[in-house]
């Protein structure tokens, strides 16, 4: 089989030229001369026994064989690069890659990461922020923090925190509307919505035995965005207890009816590859997270 494979450098020259449709631009990208790229592509064509480019006066274009081969080369080089990176990361004992959902990262996790770094100075902590599902089979991510039902494909999940929602707003906004004495007074407010949440304003009003006013108001795809809108004084948000705790403590938000809490079906989960609970990186992060959650819930026992 090795004799059937063209040299890797010819494939790189072909891929760059086919992508840029220019040997000159490919040469600049690969830090080679135009002549070197031209010779490598010619060697590849000789190896395959077919022309891959039509060479015209001022431009080149892929032949039918070139188009087919370009798709295969692009796919295989991408897969090879990805696998090489996965191997490097899998054998990197100092890099701790944490994946977190957007809102949890911005409102809860990021302000605490310095304590993780201080506790485990031998680890280089890398935080990747995304709400996308994590594929642990690649070995790229060590642990993930997700907001969900607790069910994840081919992964182990530990529920670390549940939460409730209740109305919050900025102190200036509360003063501007003349205060709120009861939930029925919310009809005078603009309501801020978090898109995609099942714990909606409609359900909260039903919990306090009031008709849903169906008032217009802005909607945001992330809980952190709706909280920031409330801090800016744009209205009243259903504050998720975990995400608003710091803003309430710092006075950026006020809890309007703190005893009218609606339970949220979803919660925060620590997710990792099946069987990896005792991996040094996972164990370190689990222990640190357990301490952080214990301290947080202890300081917010009224939530």
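The values are calculated or read from the model by the stated rules, or taken from the named source; none is laboratory data. All values reported here derive from a predicted model rather than from experimental measurement. With ideal geometry, Cβ positions are generated from the backbone for all residues, glycine too; neighbour counts draw on all protein chains shown.
Could you check, for the stretch 192-201, whether at least one of its residues is over 30 Å from residue 155 (Cα atoms), in contact with a helix residue (DSSP H, G or I) (Cβ under 7 Å, 6 or more places away or on another chain), buried (at least 17 other Cβ atoms within 10 Å of the Cβ) and without any contact (Cβ under 8 Å) to a residue 60 or more places away in the chain?
Yes, some residue in the stretch 192-201 is over 30 Å from residue 155 (Cα atoms), in contact with a helix residue (DSSP H, G or I) (Cβ under 7 Å, 6 or more places away or on another chain), buried (at least 17 other Cβ atoms within 10 Å of the Cβ) and without any contact (Cβ under 8 Å) to a residue 60 or more places away in the chain.
Does the stretch 179-191 contain any residue that is assigned by TED's automatic domain parsing to the domain that holds residue 228, out of contact with any strand residue (DSSP E or B) (no Cβ under 8 Å at 6 or more places or on another chain) and farther than 22 Å from residue 253 by Cα?
For the stretch 179-191, residues assigned by TED's automatic domain parsing to the domain that holds residue 228, out of contact with any strand residue (DSSP E or B) (no Cβ under 8 Å at 6 or more places or on another chain) and farther than 22 Å from residue 253 by Cα: absent.
Restricting the search to the stretch 115-133, which residues are under 23 Å from residue 223 (Cβ atoms) and in contact with a strand residue (DSSP E or B) (Cβ under 7 Å, 6 or more places away or on another chain)?
116, 127, 128, 129, 130
Name the residue, out of 173, 120, 212, 152, that is touching a residue at least 60 places away in the same chain (Cβ under 8 Å) and in contact with a helix residue (DSSP H, G or I) (Cβ under 7 Å, 6 or more places away or on another chain).
120
Being in contact with a strand residue (DSSP E or B) (Cβ under 7 Å, 6 or more places away or on another chain) and in a loop (DSSP other than H, G, I, E, B) is the filter here; which residues of the stretch 250-265 pass it?
Listed by number, the residues that qualify are 253, 256, 257, 258, 260, 261, 264.
Looking at 141, 154, can you tell me which residue is in contact with a strand residue (DSSP E or B) (Cβ under 9 Å, 6 or more places away or on another chain), modelled with pLDDT under 95 and not assigned by TED's automatic domain parsing to the domain that holds residue 223?
Exactly one of 141, 154 is in contact with a strand residue (DSSP E or B) (Cβ under 9 Å, 6 or more places away or on another chain), modelled with pLDDT under 95 and not assigned by TED's automatic domain parsing to the domain that holds residue 223, namely 141.
Out of the helices (runs of 4 or more DSSP H) lying entirely within the stretch 1-82, which hold 2 or more residues that are within 30 Å of residue 139 (Cβ to Cβ)?
In the stretch 1-82, 8-20, 23-30 are the helices (runs of 4 or more DSSP H) which contain 2 or more residues that are within 30 Å of residue 139 (Cβ to Cβ).
For residue 215, only one of the following conditions fails: (1) in contact with a strand residue (DSSP E or B) (Cβ under 6 Å, 6 or more places away or on another chain); (2) in the same structural domain as residue 179 (by TED's automatic domain parsing); (3) not in a loop (DSSP other than H, G, I, E, B). What is its number?
Failed condition: (3).
Whether any residue in the stretch 266-274 is part of a helix (DSSP H, G or I) and surrounded by 13 or more Cβ atoms within 10 Å (Cβ to Cβ) is what I want to check.
Looking for residues that are part of a helix (DSSP H, G or I) and surrounded by 13 or more Cβ atoms within 10 Å (Cβ to Cβ), one finds none in the stretch 266-274, hence no.
Please work out if residue 227 is surrounded by fewer than 17 Cβ atoms within 10 Å (Cβ to Cβ), touching a strand residue (DSSP E or B) at 6+ places or on another chain (Cβ under 9 Å), touching a residue at least 60 places away in the same chain (Cβ under 8 Å) and at negative phi.
Criteria not met by residue 227.
Just to verify a result, which residue in the stretch 28-61, among those that are touching a strand residue (DSSP E or B) at 6+ places or on another chain (Cβ under 6 Å) and surrounded by 13 or more Cβ atoms within 10 Å (Cβ to Cβ), is nearest to residue 10 (Cα to Cα)?
Selected residue: 53.
For the subset of the stretch 165-182 comprising residues that are at pLDDT 95 or above and crowded, with 17+ Cβ neighbours inside 10 Å, which member is nearest to residue 292 (Cα to Cα)?
Checking each candidate, the answer is 165.
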